[in-house]
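What follows is a short report on a single structure.
Any read-out appearing in this document is the output of simple, stated calculations on the displayed coordinates, not a laboratory observation. Keep in mind that this is a model prediction, so the values were computed, not measured. Note that each Cβ is placed from the backbone with ideal geometry, even for glycine, and that neighbours are counted across all protein chains shown.
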Amino acid sequence: MILPKYSLGIGDRFGRQGRAQLAALVQAQARGVEVTPVWNKSNREHQITRTRPDSVRAEAESAVTALGWRGPYHVDADHITLKTVDPFISCSDFFTIDVADFVGQSAPEADIQDFVTRHRRYATARTIPGMEGALATSPRDIAAIARKYLQAAQEAGDIFRHIEAAKGRDRFVIEVSVDETDEPQTPADLFFILAAIADERIPAQTIAPKFTGHFNKGIDYVGNVAQFERQFNDDIAVIAFAIQEFGLPANLKLSVHSGSDKFSIYGPMAHALRKHDAGLHLKTAGTTWLEEVAGLALAGGDSLRLVQEIYAQAYERIDELCAPYAAVIDIDRTRLPQPGTVRAWSSSEYVAALRHDQESPAYNPHLRQLLHVGFKVAAEMGAEYLQALDASTEVIGRLVTQNLLERHIMRVFLEP
Ligand SMILES: [Zn+2]
């Protein structure tokens, strides 16, 4: 099973926007770019929304049928571990193996030395086609990288073999993610992580490193764009080289997590993809939920009151809601409006604060991030929330489609 060159992770917290999401890819196709939809939902999200993994497969199939989509599509068991993977196995054909918890746990010293010996030929300053500068590593550097990542790669191998034993060979796509770590990975780290993945015989088709800078949920990139651009280019070059050196799948590509709304780096990313003729998987789950909230605010009346209430409860429960996402949000609490203020807002005031328009003085990234993690409040509202979604399907769907197409797909995959 081969993942095509361009793919988009389109998670959907409440499983209602599959058609609107797919409509964006249909329109992208009409404009000349094929992007494969991958519906992803993590165990963490399933727990918060109290849904089962097979609901994502059902949503994907229903959208594909409704829109007559003939291209490939996938259902991604996002951020799974050996402990959480089992309920995802039958209904998923894409697995994002998350081994970030094992990063920094050192493998046995004999394994480290064995790894260094096997990869000793890379212990020179070596130029890689397409990479700025050289991949400079000494045996000591390789050992340090192995101490940090080898155990994680071995764990990924165990998870991969567990899935393969259940599903059979070549029946699914594998991504390895190390994005939710404290430290970003350098191109040299990535190269030896890929060596370790190849040693484990994991046919990874996507790899999600942690890039330099902050990839906070639902808001723009925070960091040095030039530094990111260089790293992104170097990572692409390293992947192409690792494919040749280690016999990894020829379509192996980068996966960018928390990839929605990173407007300031989409231009450099688009440029790098064209320059290297490289593929990309971009995960954009949270942005769709925020469009739902915006759509409900726009709908006014009871729907506006509902999203005002979601904000009020999220404000009261900020510690609890932020805890699972601590690494990927950055909220300045002094910049959050009081719930009473938000309760008095009109539709357009609410939408102006929430919508990711950096030109607008009313845009509030702190409120946006709080609402991003506030989907738990909506989940607890249960039927009341879902009925509100159903009552405003059209207005929400329009926002969801437009957001994915114009603000994400076009800027990353279609930029001339
Ligand atoms: Zn992730």
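Observations
- Given charges at Cβ of Lys, Arg, Asp, Glu: the chain dipole, positive-most of 191, 342, 215: 191
- Nonlocal amide H pairs with residue 76, under 5 Å, H built at 1.01 Å: 39, 40, 41
- Within the chain, the whole DSSP H helices whose Cα atoms reach 27 Å or more along their own axis and whose mean Kyte-Doolittle score is at least -0.5 are 139-167, 225-246.
- Distance violations [Cα-Cα > 22 Å] among 148/283; 83/253; 210/253; 148/275; 253/275: 148/283; 83/253; 148/275
- C-alpha center-to-center spacing [segment 276-319, segment 387-414] in angstrom: 12
- One quarter of the surface of the convex hull around the alpha-carbon atoms of the chain equals 19.2 nm², the direction-averaged projected area.
- Radius ratio Rg over Rh of segment 289-399, counting only Cα atoms, Kirkwood formula for Rh: 0.94
- Percent breakdown of C-alpha pair distances by 10 Å bin, ordered from the shortest bin, for segment 129-204: 17, 45, 28, 9, 0
- Charging the Cβ of each Asp and Glu at -1 and of each Lys and Arg at +1, and nothing else, the dipole of the chain about its Cα centre rounds to 580 debye.
- Ranking of 131, 381 by neighbouring Cβ atoms within 10 Å, starting from the fewest: 381, 131.
- Applying both filters, DSSP loop and at most 16 other Cβ atoms within 10 Å, to the trypsin sites (Lys or Arg not before Pro) of segment 100-206 gives 169, 171, 201.
- Theoretical FRET efficiency, 1/(1+(r/R0)^6), r = Cβ-Cβ of residue 140 and residue 82, R0 30 Å, to 0.05: 0.45
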